[in-house]
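This report refers to the structure that appears directly beneath it.
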Amino acid sequence: MHCYAGCRTKDVLAAAGLTWNDLFATSRELHRPMPFRSPLAEARADVLREARRQRDRLVLLRDDFTIADEIRRRLHRVDDARRLATASGDMPAAWDALVAAAALERSAYELELVLNA
């Protein structure tokens with residue numbers, strides 16, 4: 001350790017709140033064996049790390065997925081109502097089903113606006 005202002009090393013260490021022992025590893029730290037992990041254990045750790053990363057990312061998107069699922073369900077119900085109305089022919093019940101389908105489709109598109117905001 002060198003101070004370009006000419007201070008003694010002992011004084012620099014004291015000013016930093018350190019001792020000579022803080023600068024060097026203890027013998028116990030030097031001789032501690034490095035943990036060995038087999039390539040298989042390393043690969044398992046990598047897979048778990050990636051799975052956790054993806055899980056944490058998905059938590060942020062959970063609400064968006066819920067809204068998207070609801071939009072999909074509503075649009076399927078709209079398709080079913082249209083098929084039913086077409087198969088029923090020109091009847092008041094068929095027209096009522098189409099009006100309800102239009103309202104449901106409108107609500108699905110409103111949800112899509114919420115999702116895209």
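Readers should treat all values here as calculations from the given coordinates under stated rules, not as data from a laboratory. Just so we're clear, the structure is a prediction, and the values are computed from it rather than from any experiment. Every residue, glycine as well, gets a Cβ built from its backbone with ideal geometry; the counts of neighbours run over all protein chains shown.
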Taking the chain as the reference, fit the longest principal axis to its C-alpha atoms, fit the long axis of helix 92-116 to the helix C-alpha atoms, and give the angle between the two in degrees, 0 to 90, nearest 10.
-> 20
With Ser88 itself left out, Lys, Arg at +1 and Asp, Glu at -1 over residues whose Cβ is under 14 Å from its Cβ give -1
GNM, the chain, Cα, under 10 Å: largest mean-square fluctuation among Leu13, Leu104, Leu75?
-> Leu13
Helix-only [θ] at 222 nm, the chain, -39500 (n - 2.57) per DSSP H run of 4+, per residue, nearest 500, equals -26500 deg cm²/dmol
Provide the net charge surrounding Glu70, with neighbours chosen by a C-beta distance below 12 Å and charges set as Lys +1, Arg +1, Asp -1, Glu -1.
-> -1
Quick calc: nm separation of the 7 Å Cα→Cβ label points for His76 and Ser88 -> 2.1
Two pseudo-spin positions, 7 Å from Cα along C-beta at His2 and at Leu23, lie apart in nanometres by 1.3
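So which GluC sites (Glu not before Pro) in region 1-109 end up in coil per DSSP with only 10 or fewer other C-beta atoms within 10 Å?
Details: sites: Glu29, Glu42, Glu50, Glu70, Glu105; in loops: none.
Counting only loop positions with at most 10 other Cβ atoms within 10 Å, none of the GluC sites (Glu not before Pro) in region 1-109 qualifies.
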Linear extension gain, Leu61 paired with Asn116, 0.36 nm per residue minus alpha-carbon span | 18.5 nm
Note on the chain: alpha-carbon gyration tensor, axes a ≥ b ≥ c; rule is a/c under 1.5 for rounded, else prolate if a/b larger than b/c, else oblate; result prolate
